[in-house]
Amino acid sequence: MTAIGNHSRPVSAFLGAAPERFREWIMSRQVHLIVFCATAIVIGAGSYGLAVGIWRGPWQALYTGIKLPLAILLTTLGNGLLNGMLAPLLGLNVTFRQSLAVVLMSFAVAAMVLGALSPVALFIVWNTPPLTAGTTSSSPEYGLLQLALAGFVALAGVIGNVRLMPLLRLWTGSAAVARNVLLAWLAGNLFLGSQICWVLRPFIWDARRPVEFIGPDPFQGSFFETIFNAGSRLVFS
Amino acid sequence: MNDQNPLPPVSAQLPPPIPPVLPAGQPRRLGDDPSERLAIPNVVVAIEAILRQPRRVMFQLRQPGAGHLIAMMLSLSVVCSLIYGVVVGTFSGGVQLWAAPVKIASGLMISALICLPSLYIFTCLSGSRARLVEIFGLLAGLLMLMTILLIGFAPVAWIFSQSTESLPWMGTLHLAFWFIATIFGLRFLEAGFSNSEARSRAGLNTWVVIFLLVAVQMTTALRPILGTADTILPTGKKFFLAHWGACLSAENNAPASRSRN
Amino acid sequence: MPDPAEGFFMSITRLNVCEIGVLLRGEREAMAAWMEQWNAERLRLHFLLVIGGAGFYGAAMGWWRAPEQALFTAIKFPLVISLTVTGNALINGMLAPLLGLNLSFRQSFSAVLMSFAVASAILGAFSPLMAFMVWNAPPLSPETLQGATYPLIKLANVAVIAFAGTTGNVRLFQLLVKLGGSRAVARRVLWVWLAVNLFLGSQLSWILRPFIGAPNLPVEFFRAAALRGNFYENIFQSWQQIFNN
């Protein structure tokens with residue numbers, strides 16, 4: 001049985017592995033897989049964070065390089081119990097540790113994609129006019145930067161979930177059950193993850209503040225409250 | 001480069017194959033699968049069983065000595081609801097750190113007790129042959145599954161509790177989590193019900209509506225659970241819709257209406 | 001000399017409580033077999049169901065007015081049912097064979113009592129829910145009468161009693177079909193028994209009023225004018241008032 005770490009090219013082995021191989025790793029090399037995935041998240045998402053934050057300055061690059069993998073890991077751990085309970089209730093008979101490994105695996109794929117895109121992100125950042133008095137949050141350049149960086153995150157997330165689906169289908173034997181489990185995990189992770197990102201903001205910059213690890217009042221308000229209030233203002237004013 | 005080695009033979013460490021799904025029209029009886037006949041000796045096994053092998057729990061509720069299993073499930077429900085109550089109480093802090101868990105745990109148990117006689121009646125009217133002990137056990141299973149799922153939501157609830165001062169928002173969030181957890185609990189109850197030779201589900205569906213209304217009203221009867229007030233229990237009577245309306249109006253008129261102690 | 005009280009309690013402990021499930025499930029074969037022979041213990045069980053079930057529900061109803069009203073209604077509600085069953089026993093026993101269903105007096109009495117026992121069991125099961133609803137409602141007062149609470153509680157009571165009554169009658173109909181073999185005969189007998197029981201029951205309820213009470217009237221077991229006038233006379237006078245105005 002081949003462990004990931006024994007490969008000469010572990011990243012390509014991980015990304016190219018068939019669903020049967022993933023299941024084998026989850027059943028027999030769980031701890032190795034979890035460590036490998038966590039490492040991949042730290043390195044991949046970390047390097048993307050560095051590329052995103054460098055636009056503001058070197059310290060922001062460091063902070064975002066730490067916060068982006070932290071957001072992913074905190075989301076996975078925070079929802080670990082819930083994901084582990086929802087899976088068997090929806091028809092996927094896995095243990096808590098196995099569900100944690102599966103979720104980490106999909107985040108690791110996404111993080112590897114982000115890591116691969118970090119040079120591209122860096123290039124976009126390098127081409128964007130620096131943060132000066134002339135650049136504001138309403139500048140088209142800043143808008144393009146935001147779109148591109150968010151787009152890369154969305155792409156990586158989609159790829160991570162697409163890689164998860166065949167594994168769930170193999171495990172459950174049913175496309176419907178696999179889809180329900182994936183959607184439930186996705187909803188839970190998006191819900192908690194968006195709030196964790198809200199707490200850990202800013203990732204790119206905050207025009208009103210100097211560079212700092214976390215903004216003031218991180219626990220003031222919530223992501224969804226802000227969306228709801230913005231929507232209310234849009235509709236009712 | 002992808003790994004060129006062929007896939008290894010199925011290892012002994014791989015999980016046993018999932019039993020094939022029986023064709024429609026061939027219902028399995030409880031206890032047909034030998035794994036369902038294994039006893040449930042402790043709380044950890046009970047949690048695993050209700051998540052992964054609910055039919056095992058249903059089968060054990062029909063055996064002599066089901067009282068021990070029911071007591072275990074009820075105790076776990078109380079403990080889990082106390083833990084979730086502490087998370088709820090962190091929104092306001094202070095007195096709510098102990099009052100909220102006590103109210104949530106006791107409110108849940110009292111709601112179940114209020115609805116148990118009507119559950120037995122509706123199951124009998126539907127033709128079910130389940131005894132009162134078995135019905136009580138299914139209700140205990142519903143409570144246990146609901147509360148352990150609430151524990152799963154606890155980290156999410158906590159982080160939002162610390163992030164907002166909006167009472168209606170947090171109330172809605174807790175209600176949403178409770179509702180999702182209750183849906184899974186009711187699925188367990190309905191599965192148990194369908195294994196008891198019931199001819200119709202109309203009675204059970206009616207009881208579900210009654211149970212939801214009672215539980216929701218109990219949160220108003222024991223208010224405040226999230227916010228703060230001068231007294232532990234309310235001095236006036238209100239139905240839950242009136243109470244929610246009043247909370248929303250208060251929020252619109254004075255957004256910073258909650259105080260953190 | 002054997003103690004009658006001890007004998008009564010001994011007989012209660014011998015009651016087969018599982019028979020309540022048989023009643024609620026409407027197991028016609030079992031219920032028809034019961035009708036074949038007189039069983040005093042089974043009769044006691046059914047009366048106990050009526051007293052207990054309707055009694056608890058009556059207590060929940062009356063509690064909204066006052067604790068004393070709860071006690072009074074807990075006594076009066078089962079009393080109305082018991083008096084209706086026994087008061088109409090003769091006429092029900094005579095009408096059944098006249099309408100084509102060959103039942104003895106004892107069998108028709110048992111059948112009607114069983115249907116009321118089913119209804120009372122349902123009322124008893126709903127009594128905690130009604131008590132919870134009353135507990136959550138503002139106290140009964142002239143202001144409450146004007147608001148939405150009073151009609152809501154009234155509607156809830158009507159809904160529960162209607163559900164219990166309907167279920168009891170459905171079980172009775174199923175039993176009559178089993179005993180007579182004909183749905184048409186069973187339906188005739190059921191409608192006639194229903195009409196007769198409603199006729200006597202409504203007047204008994206009129207005499208034994210109030211069951212909830214009014215905030216501007218004292219809490220009492222009987223109204224002073226209990227035996228003055230009757231339910232249908234009151235309805236007729238109300239119609240007259242409507243048309244004269």
- Note on the structure: Taking first residues from region B:224-247 that are hydroxyl-bearing (Ser, Thr, Tyr) and second residues anywhere that are surrounded by 13 or more Cβ atoms within 10 Å (Cβ to Cβ) and assigned to a loop (DSSP other than H, G, I, E, B), the pairs with Cβ under 6 Å that are 6 or more apart or on different chains are B:Thr228/B:Ser92
- Item | Test for A:Leu92: is it hydrophobic (A, V, I, L, M, F, W, C), modelled with pLDDT of 90 or more and part of a helix (DSSP H, G or I) | no
- Note on the structure: The number of residues in region A:10-20 that are more than 7 Å from every other protein chain (Cβ to nearest Cβ) and either among the acidic types (Asp, Glu) or not in a loop (DSSP other than H, G, I, E, B) (or both) is 5
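This table checks each residue for (1) within 30 Å of A:Arg23 (Cα to Cα); (2) surrounded by fewer than 17 Cβ atoms within 10 Å (Cβ to Cβ); (3) at pLDDT 75 or above; (4) more than 14 Å from every other protein chain (Cβ to nearest Cβ).
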position	(1), (2), (3), (4)
A:Leu167	yes, no, yes, no
A:Leu170	yes, yes, yes, no
A:Arg209	no, yes, no, yes
A:Ile227	no, yes, no, no
- Note on the structure: If we ask which residues in region B:229-252 are assigned to a loop (DSSP other than H, G, I, E, B) and under 26 Å from the mean Cα position of the chain (by Cα), their number turns out to be 5
- With B:Leu226, B:Leu212, B:Leu186 as the choices, which residue is assigned to a loop (DSSP other than H, G, I, E, B), buried (at least 16 other Cβ atoms within 10 Å of the Cβ) and at pLDDT 90 or above? B:Leu226
- Task: Output yes when any residue across region A:38-47 is over 12 Å from A:Ala108 (Cβ atoms), touching a helix residue (DSSP H, G or I) at 6+ places or on another chain (Cβ under 6 Å) and surrounded by 19 or more Cβ atoms within 10 Å (Cβ to Cβ), and no when none is.
- Result: yes
- Task: May I ask you to list the residues in region C:20-49 that are among the acidic types (Asp, Glu) and without any contact (Cβ under 8 Å) to a residue 60 or more places away in the chain?
- Result: C:Glu27, C:Glu36, C:Glu41
- Query: Do we have A:Ala176 as among the hydrophobic types (A, V, I, L, M, F, W, C), in a helix (DSSP H, G or I), under 19 Å from the mean Cα position of the chain (by Cα) and within 14 Å of another protein chain (Cβ to nearest Cβ) here?
  - Reply: no
- Going by the conditions given, is A:Ser99 within 14 Å of another protein chain (Cβ to nearest Cβ), closer than 24 Å to B:Ile159 by Cα, in a helix (DSSP H, G or I) and small (Gly, Ala, Ser)? yes
- So, of the residues in region C:128-186 that are away from chain B (no Cβ under 14 Å) and of a type in the set (S, T, N, Q), which turns out to be farthest from C:Phe77 (Cα to Cα)? C:Ser182
- Filtered residue count, region B:131-163, keeping only those that are facing chain A (nearest Cβ under 7 Å), buried (at least 21 other Cβ atoms within 10 Å of the Cβ) and polar (S, T, N, Q): 1
- Query: Within region B:63-108, which residues are under 18 Å from B:Met170 (Cα atoms), buried (at least 19 other Cβ atoms within 10 Å of the Cβ), within 15 Å of the chain's Cα centre (by Cα) and among the β-branched types (Val, Ile, Thr)?
  - Reply: B:Ile104
- Where a residue in region A:113-128 is within 13 Å of A:Leu50 (Cβ to Cβ) and its partner, wherever it lies, is acidic (Asp, Glu) and modelled with pLDDT under 85, with Cβ under 8 Å and at least six apart: none
- Message: Suppose the filter is closer than 23 Å to B:Pro155 by Cβ and either more than 14 Å from chain B (Cβ to nearest Cβ) or at pLDDT 75 or above (or both); does A:Leu200 pass it?
- Response: yes
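The values are calculated or read from the model by the stated rules, or taken from the named source; none is laboratory data. Predicted model, so just to flag it, every value in this text is computed and none were measured. All Cβ positions, even for glycine, are placed from backbone atoms using ideal geometry, and neighbour counts span all protein chains on display.
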